[in-house]
Amino acid sequence: MTSNIHVQFAGVSKSYDGRTLIVDDLNLEIEKGEFLTLLGPSGSGKSTCLMMLAGFEPLSGGDILVDQVSVGYLEPQKRNIGMVFQSYALFPHMSVADNIAFPLKARGRPKAEIREKVAGALGMIQMDHMKDRMPGQLSGGQQQRVALARALVFEPSLVLMDEPLGALDKQLREEMQYEIMHIQKRLGVTVVYVTHDQTEALTMSDRIAVFNGGRIQQLARPEVLYQNPQNAFVASFIGENNSVPGTVLSLKGSECRVRVGTDEIMAHPVGDIAESKPVALSLRPERVVLGSRAQAADNRFDAVVTEVIFHGDHQRVVLDVLGQSGFVVKVPNSAGFEPPEVGKAVSVGWTIKDCHALAPIGGSTA
Amino acid sequence: MKYKQVNPMQKWQRLSGLLTLLVLIFLILPIVIIMPLSLSSGSFLSYPMPGFSMRWYEELLTNYKWTKALQNSAIIGISSAVLAMVIGLMAAIGINAMKKGAARAVVMGLFIAPLMTPLIIMAVSLFLFYSKLGLSGKMLGIIIAHAILGTPFVVVSVFAGLQKFDMTLMRAAKSLGASSWYAYRNVMFPILKPAVVSGLLFAFVTSFDEIIIVLFLAGPDHITLPIRLFEGIRDELTPVVISAAMVMVLISVGSMGLIEWVRRRSEAAKEA
Amino acid sequence: MSDAATPNPSDSSSLQLGPPKARPGPRGGPKNWVTMGLVLPGLLFFLVMFVWPIAQMLSHAVYSPEVQIALPRTVAAMADWDVTTPPSDAIADALILDLKNADRGDLASAARRLNYEQSGFRAALLKTAREVRRSDGAKGYQALLDADKDWADLARWRVLRSAGSAYTSYYLLTALDLEKRPDGSIGRVPGDRALFVTVILRTLWLSLVVTVICLFLAFPVSYTIASAKPGRQALLMLLILLPFWISLLVRSSAWVILLQDNGLVNTALLKLGIITEPVQLIFNRTGVYIGLVHVLLPFMVLPITNAMRAVPKDYVRAAFSMGASAPRALFQVYLPQIWPGVAAGSLLTFVICVGYYVTPLLIGGNQDQMLSYFIAFYTNQSVNWGLASALSAVLCAIMLLLMGLYALVPRRGGTTAGR
């Protein structure tokens, strides 16, 4: 009763052919009222997890508990979980109002209650005036709202969303992100959200579980995920990232020396790092400084500019450095700053704590 | 005009357009030309007609021989179409849920087979079979045979509807708390209704026009409209035969119109 | 069943639930059960009322146990008869006993069956049966000769022996104008008895001609439809399909009224002075061709139009832009792409035509009847079900062969036909 845990994946695994594991021994706890995003590339197992939670995919092993009650083998219609589908899945032969009334009618609620709740849901998505339209007559964003209202109208405490904004254009997607967040906070429901769009995940989530190869690579708050990725996969999947391979020379506390080619770099070790093992150095492009600003940096190297691209509020400078090409630095267009010229030499630098020494992808992730 | 552009295909397009016109005349004119003869006041099927009258329609609707045939055709057509609809609807949903593979292909092939089977073979085999079963000369025997003929239309039409049907809708319904049956009844069936209706009408028209099976299986009390027409053409070709033909045309074309209307309406509902 | 098979909702420490790999998921077992429940009634209905009757009918082509049923002892006694010497008294006694005891209906069936192979057998067998039933103590070969002197003919005994087997090649051979000679070899029947090869060839030829005519007519029609604007396409399609919806009988009666000797066409031609006496246009081959093409043309037009619609206009334009002549563009660019539609349409037309019955019956002459007519004839009028079945088997074989050939035809790209 005192537990704040809403959903628990306990050793869940999933395999379609009995050999390849799509989801491999998943353990995950989701808190009440939390907005948790499952983020990962396609085929990483995130959607399968959502479908198992919804009840559309049978588990191969383990169990899923909702409010500490096992639902792993319960039929979907008995789980009382709201769901928003990528295609919205609005019933094309029913009006907006009938679509929203569907879960209430399926539960045999009295007519007066249905009328009242549908009106409330229509008000929440500000579509009272469109209640008699058919889904085919609505825009993508309106359909999205109706799908949301339909998944919430029967007051489930848990709502699942499977890439719900994937079919919308960029501007509408951002609008809907805020709208979904506001509704979620207002109603206090737990949301499990699946997406492959990292920006969306960073914007909306309380916590993000990054999936790859059927396993959770890292489960953390968005800012932690971005600032302190646990491994090279998370570093490269979230945000932009320069990855430089090297070998650990020595390791001492929160600092380590790494050999890259003929150079040595001081870095911040993360996770399972050992002396004389290969590492991937991860550097965010916006954390690298150029020219005179690099003078005070912990690490400082000479580079050659190969390309400068104008991006409005910032410029992207592409460099050859540390024997590598394609090293990207983001330079803000602040007053008085002159970007370097192509072909010229320039010095680059960064601090120790911004340079993460991570276990490389495919290396020892265990 | 010196630079008049010559489309190399234009010549062919004109020629094929002309041929198309001739083919259409060949297809439609014979039917159109005989229609007015049902209104002739004379007893011969030739132009010019001596005058107009409704006497042949009157005979059609009062002569027991014709009214009975019309009644039989209607009973057989409606019963067999409904039977075909029930079997075909269930089969199509079942086949759609089957795993792709040999079994599914065989079952589908079986339900389509009557379309490709020569009617004479069906008629003769049922004739022999019914004589052992005691179904010869019974209306039930004809209804069963016609239901088999009509089932492929329902299966094909509903199966095509199911292929277009978005199965996520069923998932959505279940996630919203609907039981399987509630989801079938309130989501899948309403969406499939146009496909079912057009299959039903196809089955009805097929039965309504069918003659060979009836020729072999019918007792003297079960003469249908096509059989009467058949006898009319062979024995005495009078305007009453044409008026009966007109009634058949009306019913068939009416059914076709209905199918088209159902189809357009369902498409309009989707696109609107 | 282990505890793991039933998830315990109240057990909050159920984290240690073993990995029950074989536990049925929510969509596992019951769903397949429902699927079977939906398909099964129709499947059974079709098997019992469609597949079984046809299989049984076709089996009559080779399965013919009438003689065995009526004369079981005779058949058994003749098993080791040497065929060349007169049958023994034991065989004769068996026949006499069988004739005395046989059910009248069974005996009549057997007599009819024997009569197909040797005319006069039926009368002789029934006469002998009457004789031996009348004289109680009749025994031996002589008693049979007394009843009917032709029992001395060994050919008759040989027919009896061969017909005694429950399985016979007789009907199938007859359906192909073949016979088993007394020496056991298989040969053609004499010309005056040959009938069915002509019918089979006629059926195939008629279907071929109708298919080719349909193909030639369908080409311009399909092309015009496929290249028309969408609105007009729908209208043209509706007009092409209109006859589809009009009863075969109505169309047949229209042709009779139009084409008979004093019909509209002849009257018009006479009045215009183009002809001086009526031309016979119906109740002959011309009439059958006209009628069948009218019926089958839509089956050809539909798949070809679908195939043509799927060909992007740019392809032919591209061919012309690269300097191809019109025939080259047609044969090398256009035809290969619509080939699946052409193949499907031709097969459909041919297969439907091969099995046609009503149209030739109503607007053809005696020399224009196809296989179907003879199947019906031997079922209804001549009541030779074995032969009707054998002819049905030939018809089925032709159709299956055609569909097999069609399956072997290479189809480029995706099939566009039938969509």
Scanning region B:28-60 for residues that are closer than 12 Å to B:V241 by Cα and in a loop (DSSP other than H, G, I, E, B), the one nearest to the chain's Cα centre (by Cα) turns out to be B:L45
Of the residues in region B:186-221, those that are outside any helix (DSSP H, G or I) and away from every other protein chain (no Cβ under 11 Å) come to B:A218, B:G219
Restricting region C:307-323 to residues that are within 12 Å of chain B (Cβ to nearest Cβ) and among the charged types (D, E, K, R), the one surrounded by the fewest Cβ atoms within 10 Å (Cβ to Cβ) turns out to be C:K313
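Quick grid of which residues meet (1) modelled with pLDDT of 90 or more; (2) away from chain B (no Cβ under 14 Å); (3) surrounded by 14 or more Cβ atoms within 10 Å (Cβ to Cβ); (4) within 28 Å of B:S179 (Cβ to Cβ):
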{"site": "A:P110", "(1), (2), (3), (4)": "yes, yes, no, yes"}
{"site": "A:H129", "(1), (2), (3), (4)": "yes, yes, no, no"}
{"site": "A:Q171", "(1), (2), (3), (4)": "no, yes, no, no"}
{"site": "A:V192", "(1), (2), (3), (4)": "yes, no, yes, yes"}
A:R257 fails exactly one of (1) closer than 13 Å to A:V348 by Cβ; (2) surrounded by 15 or more Cβ atoms within 10 Å (Cβ to Cβ), namely (1)
Scanning region C:267-316 residue by residue, those in contact (Cβ under 8 Å) with a residue 12 or more places away in the chain, of a type in the set (A, V, I, L, M, F, W, C) and within 23 Å of B:F44 (Cα to Cα) turn out to be C:V279, C:L281, C:I282, C:F283
Looking at region B:227-248, is at least one residue within 10 Å of chain C (Cβ to nearest Cβ) and within 19 Å of B:S136 (Cβ to Cβ)? yes
When every residue in region A:236-252 that is out of contact with any Leu (no Cβ under 6 Å at 6 or more places or on another chain) and under 13 Å from A:A357 (Cβ atoms) is compared, the one surrounded by the fewest Cβ atoms within 10 Å (Cβ to Cβ) is A:K252
Quiz item: Going by the conditions given, is C:V293 out of contact with any Leu (no Cβ under 6 Å at 6 or more places or on another chain) and surrounded by fewer than 17 Cβ atoms within 10 Å (Cβ to Cβ)?
Solution: no
From the option list B:I142, B:I121, single residue qualifying as part of a helix (DSSP H, G or I), within 11 Å of another protein chain (Cβ to nearest Cβ) and not charged (D, E, K, R) is B:I121
Filtering region C:203-239 down to residues that are under 27 Å from C:D368 (Cα atoms), among the aliphatic types (A, V, I, L, M) and within 12 Å of chain B (Cβ to nearest Cβ) yields C:I213, C:L217, C:A218
The correct count of residues that are away from chain C (no Cβ under 14 Å), of a type in the set (S, T, N, Q) and within 19 Å of the chain's Cα centre (by Cα) in region B:61-107 is 3
Among (1) outside the structural domain of C:A147 (by TED's automatic domain parsing); (2) among the polar types (S, T, N, Q); (3) touching a helix residue (DSSP H, G or I) at 6+ places or on another chain (Cβ under 6 Å), C:T74 falls short only on (1)
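Go through region C:178-236 and give me each residue that's among the aliphatic types (A, V, I, L, M) and in contact with a strand residue (DSSP E or B) (Cβ under 6 Å, 6 or more places away or on another chain).
Applying the first criterion (among the aliphatic types (A, V, I, L, M)) to region C:178-236 yields C:178, C:186, C:189, C:194-195, C:197, C:199-201, C:204, C:206, C:208-210, C:212-213, C:215, C:217-218, C:221, C:225-226, C:228, C:234-236.
Answer for region C:178-236, where residues must be among the aliphatic types (A, V, I, L, M) and in contact with a strand residue (DSSP E or B) (Cβ under 6 Å, 6 or more places away or on another chain): C:L178, C:I186, C:V189.
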Of the residues in region A:53-90 that are surrounded by fewer than 21 Cβ atoms within 10 Å (Cβ to Cβ) and more than 10 Å from chain C (Cβ to nearest Cβ), the one that is farthest from A:Y193 (Cα to Cα) is A:N80
Residues in region B:145-184 that are within 7 Å of chain A (Cβ to nearest Cβ) and β-branched (V, I, T) total 1
Exactly one of B:I233, B:I223 is of a type outside the set (D, E) and out of contact with any Lys or Arg (no Cβ under 8 Å at 6 or more places or on another chain), and that residue is B:I233
Pairing a residue in region A:331-354 that is without any contact (Cβ under 8 Å) to a residue 60 or more places away in the chain and in the same structural domain as A:R287 (by TED's automatic domain parsing) with any residue that is in a helix (DSSP H, G or I) and of a type in the set (D, E), where Cβ atoms lie under 9 Å and the two sit 6 or more apart in sequence or on different chains, gives A:V331/A:E286; A:P332/A:E286
Is it true that some residue in region C:324-339 is crowded, with 20+ Cβ neighbours inside 10 Å, touching a Ser or Thr at 6+ places or on another chain (Cβ under 9 Å), in a helix (DSSP H, G or I) and within 12 Å of chain B (Cβ to nearest Cβ)?
-> no
Those residues of region A:303-318 that are surrounded by 14 or more Cβ atoms within 10 Å (Cβ to Cβ) and either in contact with a His (Cβ under 6 Å, 6 or more places away or on another chain) or of a type in the set (D, E, K, R) (or both) come to a total of 1
Exactly one of A:L148, A:L165 is part of a loop (DSSP other than H, G, I, E, B) and out of contact with any Asp or Glu (no Cβ under 6 Å at 6 or more places or on another chain), and that residue is A:L165
Within region B:124-139, of all residues that are hydroxyl-bearing (S, T, Y), touching a helix residue (DSSP H, G or I) at 6+ places or on another chain (Cβ under 6 Å) and assigned to a helix (DSSP H, G or I), the one nearest to the other protein chains (Cβ to nearest Cβ) is B:S125
Sole miss for B:L169 among (1) under 21 Å from B:F208 (Cβ atoms); (2) assigned to a helix (DSSP H, G or I) is condition (1)
Note on region C:183-192: residues surrounded by 11 or more Cβ atoms within 10 Å (Cβ to Cβ) and either out of contact with any Leu (no Cβ under 8 Å at 6 or more places or on another chain) or not small (G, A, S) (or both) are C:I186, C:R188, C:V189
If you go through B:I223, B:I191, B:I259, the only one that is buried (at least 21 other Cβ atoms within 10 Å of the Cβ) and not small (G, A, S) is B:I191
**Message:** Condition check: within 12 Å of another protein chain (Cβ to nearest Cβ), more than 16 Å from C:L195 (Cβ to Cβ) and part of a helix (DSSP H, G or I). Does C:L387 satisfy that?
**Reply:** no
Taking region C:268-295 and keeping residues within 17 Å of C:Q369 (Cα to Cα) and part of a loop (DSSP other than H, G, I, E, B) leaves C:L281, C:I282, C:F283, C:N284
By residue number, the members of region A:248-269 that are under 30 Å from the mean Cα position of the chain (by Cα) and of a type in the set (S, T, Y) are A:S254
| said: Condition (residue is away from every other protein chain (no Cβ under 14 Å) and either at pLDDT 90 or above or surrounded by 15 or more Cβ atoms within 10 Å (Cβ to Cβ) (or both)) applied to region C:40-63: is it met by at least one residue? | reply: yes
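The values are calculated or read from the model by the stated rules, or taken from the named source; none is laboratory data. Bear in mind the structure is a predicted one, so any value in this text is a computation, not a measurement. Backbone-built Cβ (ideal geometry, glycine too); neighbour counts: all protein chains shown.
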